[in-house]
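Taken together, the values in this text are just the output of simple stated rules run on the coordinates, not laboratory data. Small disclaimer: the values here were computed from a predicted structure and weren't measured. Cβ sites come from the backbone with ideal geometry, for glycine too, and all protein chains shown count toward neighbours.
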Amino acid sequence: MARRGYTKKEANRRRTKFMVLEGMGDFVGTVVAFFVILACVVLLTTLFTWLRGDLPQVIDSLKNPIINAFG
C-alpha cells in the first residue's frame, strides 16, 4: 500500500488551519491567565483587608496575658 503524500495546496491548508488553532489557543490562554491574575489580586486585597481589621483584636488578646505575666 503506497503512502499518500500531500499536495502543496493541501499542506498549506492544513498549516493554515493549525496556525489558526494555535492562535485561538494563545488567545484563550491569555484570557484565562488574565482572570486568574484578577482573582489573585482580589484574594490578596481581601486578605489584607481582613488582616488590617483583625490585627488590633489579636494584639489586644495577646497584651493581657503578657501584662499579667510581668505585672
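By the rule of a C-alpha distance below 17 Å, with chain neighbours fewer than 8 residues away ignored, the lysines paired with Lys17 are Lys8, Lys9. Only the Cβ atoms of Lys and Arg (+1) and of Asp and Glu (-1) were treated as charged; on that basis the dipole of the chain about its Cα centre amounts to roughly 1060 debye.
Between the helical axis of 8-70 and the longest alpha-carbon principal axis of the chain there is an angle of about 0 degrees. So what is the diffusion coefficient of the chain in µm² per second by Stokes-Einstein at 20 °C and 1.002 mPa s, using a Kirkwood Rh over Cα pairs? In µm²/s, the coefficient is 118.
The label-point distance for Phe70 and Val28, in a model that sets each label 7 Å from Cα toward Cβ, rounds to 6.1 nm.
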